[in-house]
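Input: a single structure, listed below in structure tokens.
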Amino acid sequence: MKKITTLGELKKSNYKILPLKEEIRRNLIEKLKTKENLFPGIIGYEETVIPQIVNALLAKHDMILLGLRGQAKTRIARSLVSLLDEYTPIVAGSEVNDNPYAPISYFASQLISELGDETPIEWVHCSERYGEKLATPDVTIADLIGDIDPLKAAHERLHYSHEGAIHFGIIPRTNRGIFNINELPDLQPRIQVGLFNILEERDIQIRGFKIRIPLDELIIFTANPEDYTNRGNIITPLKDRIEAQIITHYPLDTESAIAITEQEAWTQRWGEEGIVIPHYFKEIIEQIAFEARASDFVDQKSGVSARLAISAMETLISNAERRSIANNDNIIVPRVTDLAYVISGVTGKVELVFEGEEEGITKVAKALVAKAVKTIFKKYFPDPNVRPKKSDGVQIKTEYDEILEWFAKGNSLELTDTMPFETYAKELARVPRLKEFTARHILIPEADRFSLSSAMEFVLDGLHQHSKLAKEEVFGAPQISYRDMVGSIFTGGFEEEEEEEL
């Protein structure tokens, strides 16, 4: 079809041009019949958000995607382009993608009246039929809809009331396409009023002229909930004209969250064969975000973006990579000591309420990491605080007793995030039965000594989070010391109690 270059050739081909929403409906139905993935890269919405979007498109509704930050709203809007025809014909040179069969602009109407079937046609790719504008307080009606261009009027010797003097805004320039306004509440109320006609009568008016230009568009809005900040809100008449309101959400389960982070985070540092990320580390990173979304110290109206887990994972791997480069190791494996640096990926991603501000962002972030470690630890290992019942008056030992007894004898373990692997593994091997206990529960092959050693440290940190071991950290560098809880009560007990309260 791209060989067609004139209006006459287009008519002879019997090429049909559907209204935009009919075009989207037709292509959507075909994809549904073939069970094609409608939104590649959108994870966790298969049973919740996507069916609502499909219903709205089948009903030919404009829609608003309402949700907190980091919920893939803009990505969903952009992915709707895949529901357009790959190429569509327009009148060549048209600013508003004029339909050759039904032009709406003065330029295209005049050109067709002069040239008739010889009117030149060009084919526009679907990617060029998408427009987007971030709503900011300084956006004007001229930006969105258009205004009179004095230079154009003077150059072509047109009166200011002449239709040819109009300079079109971004919305009419996306005619026969999809237009998305991000962060709608940031748009000033008087500008939101200017969208009424586009949504209801499907036309635009510029400078009060009698000229009405009918548009053929799908309008998408994205917004955070109105009570997110005091920046502004969506005026009620505009909300009434948006036919479908679709609520987005954060991942509902850990595996969906892990899949999102694996898709978005940059993890390929030395090639995949040089990086080993144990699954429990992926779970810890995601659990940090889940803990933040449940924390009383974090402003839940602001939300906790999926970008928190992405940044945290990239930071975790970067610290492991830095250690590997410094020690000339040929493999990158995260350690629990690396989690101290993850805090930098957390602090900028959460907004605190008043109580959280009093505690301080760093302290809150450390507490979130600690809670995440504690939660994931229970998925792999027995609860250290649960002891078997006594048998004939004799206390039954737990699997942890032999490990804890070693520390009770005055022994301690010193670890840093820069330790060469051999030194790191040798230090952990000092704890009796730790290696066997770890391998038995977390099912890591003994041949994978890198991951096994990292998991051994995970066990010690889990015992610390359950108040079985004391953990001392040197400020400024992740130098960690694990020691007996009772022996350290005067040096670390009060600080640990405060963290537990968080």
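For the stretch 371-380, a residue qualifies if it is of a type outside the set (Lys, Arg) and modelled with pLDDT under 95, and exactly one does: Tyr380.
Yes/no matrix, rows are residues, columns are (1) surrounded by fewer than 17 Cβ atoms within 10 Å (Cβ to Cβ); (2) modelled with pLDDT of 95 or more:
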{"residue": "Lys2", "(1), (2)": "yes, no"}
{"residue": "Tyr15", "(1), (2)": "yes, no"}
{"residue": "Lys31", "(1), (2)": "yes, yes"}
{"residue": "Leu58", "(1), (2)": "yes, yes"}
{"residue": "Leu66", "(1), (2)": "no, no"}
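Taking into account only those residues within the stretch 202-224 that are open to solvent by 40 Å² or more (accessible area, probe 1.4 Å) and at pLDDT 80 or above, which is farthest from the chain's Cα centre (by Cα)? Per the stated criteria, the residue is Pro214. Residue check, Ala77 against (1) open to solvent by 20 Å² or more (accessible area, probe 1.4 Å); (2) at pLDDT 95 or above, all met but one. Which one? Only one criterion in (1) open to solvent by 20 Å² or more (accessible area, probe 1.4 Å); (2) at pLDDT 95 or above is unmet by Ala77, namely (1).
Ser453 falls short of the stated requirement of being touching a Phe, Trp or Tyr at 6+ places or on another chain (Cβ under 7 Å), open to solvent by less than 50 Å² (accessible area, probe 1.4 Å), modelled with pLDDT of 90 or more and farther than 19 Å from Val333 by Cβ. Within the stretch 55-95, being assigned to a loop (DSSP other than H, G, I, E, B) and touching a Cys at 6+ places or on another chain (Cβ under 8 Å) holds for Leu84, Asp85, Glu86.
Check Ile247, Ile277, Ile284 and return the single one that is in contact with a helix residue (DSSP H, G or I) (Cβ under 8 Å, 6 or more places away or on another chain) and buried (at least 23 other Cβ atoms within 10 Å of the Cβ). Answer to the check: Ile284. Kindly indicate whether Lys374 is more than 25 Å from Arg69 (Cα to Cα) and surrounded by fewer than 17 Cβ atoms within 10 Å (Cβ to Cβ). Here the answer is no, as Lys374 does not meet what is asked. What do you reckon, is Glu446 at pLDDT 90 or above and farther than 23 Å from Ser481 by Cβ? The answer is no for Glu446. If you go through the stretch 307-352 and keep only what is open to solvent by 20 Å² or more (accessible area, probe 1.4 Å), in a loop (DSSP other than H, G, I, E, B) and not β-branched (Val, Ile, Thr), you end up with Asn328, Asp329, Asn330, Glu351. Does the stretch 256-264 contain any residue that is open to solvent by less than 20 Å² (accessible area, probe 1.4 Å), more than 25 Å from Ile42 (Cβ to Cβ) and in a helix (DSSP H, G or I)? The answer is no, given that none of the residues of the stretch 256-264 is open to solvent by less than 20 Å² (accessible area, probe 1.4 Å), more than 25 Å from Ile42 (Cβ to Cβ) and in a helix (DSSP H, G or I). Residues of the stretch 87-101 include at least one that is open to solvent by less than 10 Å² (accessible area, probe 1.4 Å), hydroxyl-bearing (Ser, Thr, Tyr) and either modelled with pLDDT of 95 or more or farther than 17 Å from Pro225 by Cβ (or both). Cβ-Cβ distance below 6 Å, separation of 6 or more or different chains: which pairs start in the stretch 386-407 with a residue that is farther than 15 Å from Met456 by Cα and end on one that is open to solvent by less than 60 Å² (accessible area, probe 1.4 Å) and modelled with pLDDT under 80? From the stretch 386-407, the pairs are Ile396/Pro388. Here Ile24 passes the criteria (1) at positive phi; (2) part of a helix (DSSP H, G or I) except the one numbered (1). Residues in the stretch 353-371 that are within 24 Å of the chain's Cα centre (by Cα), open to solvent by 60 Å² or more (accessible area, probe 1.4 Å) and not basic (Lys, Arg): Thr362 only.
Residues being among the basic types (Lys, Arg) and either part of a helix (DSSP H, G or I) or modelled with pLDDT of 90 or more (or both): count how many of those fall in the stretch 268-306. Count: 2. Exactly one residue out of Ala367, Ala306 is aliphatic (A, V, I, L, M) and closer than 26 Å to Ser467 by Cα, and it is Ala367.
Take Ser295 and decide whether it is crowded, with 20+ Cβ neighbours inside 10 Å and within 20 Å of Phe354 (Cα to Cα). Criteria met by Ser295.
When the test is whether a residue is assigned to a helix (DSSP H, G or I), at negative phi and either touching an Asp or Glu at 6+ places or on another chain (Cβ under 7 Å) or not charged (D, E, K, R) (or both), Gln52 passes it. Condition test on Lys11, is it surrounded by fewer than 19 Cβ atoms within 10 Å (Cβ to Cβ), more than 29 Å from Ile166 (Cα to Cα), among the basic types (Lys, Arg) and free of Cβ contacts under 8 Å to residues at least 60 places away in the same chain? So Lys11 does not fit the description; no.
The values are calculated or read from the model by the stated rules, or taken from the named source; none is laboratory data. All values reported here derive from a predicted model rather than from experimental measurement. A quick note on method: Cβ atoms are made from the backbone with ideal geometry, for glycine too, and the neighbour counts reach across all protein chains shown. Note: areas computed on protein heavy atoms with side chains; ligands, DNA, RNA excluded. Shrake-Rupley method; radii C 1.70, N 1.55, O 1.52, S 1.80 Å.
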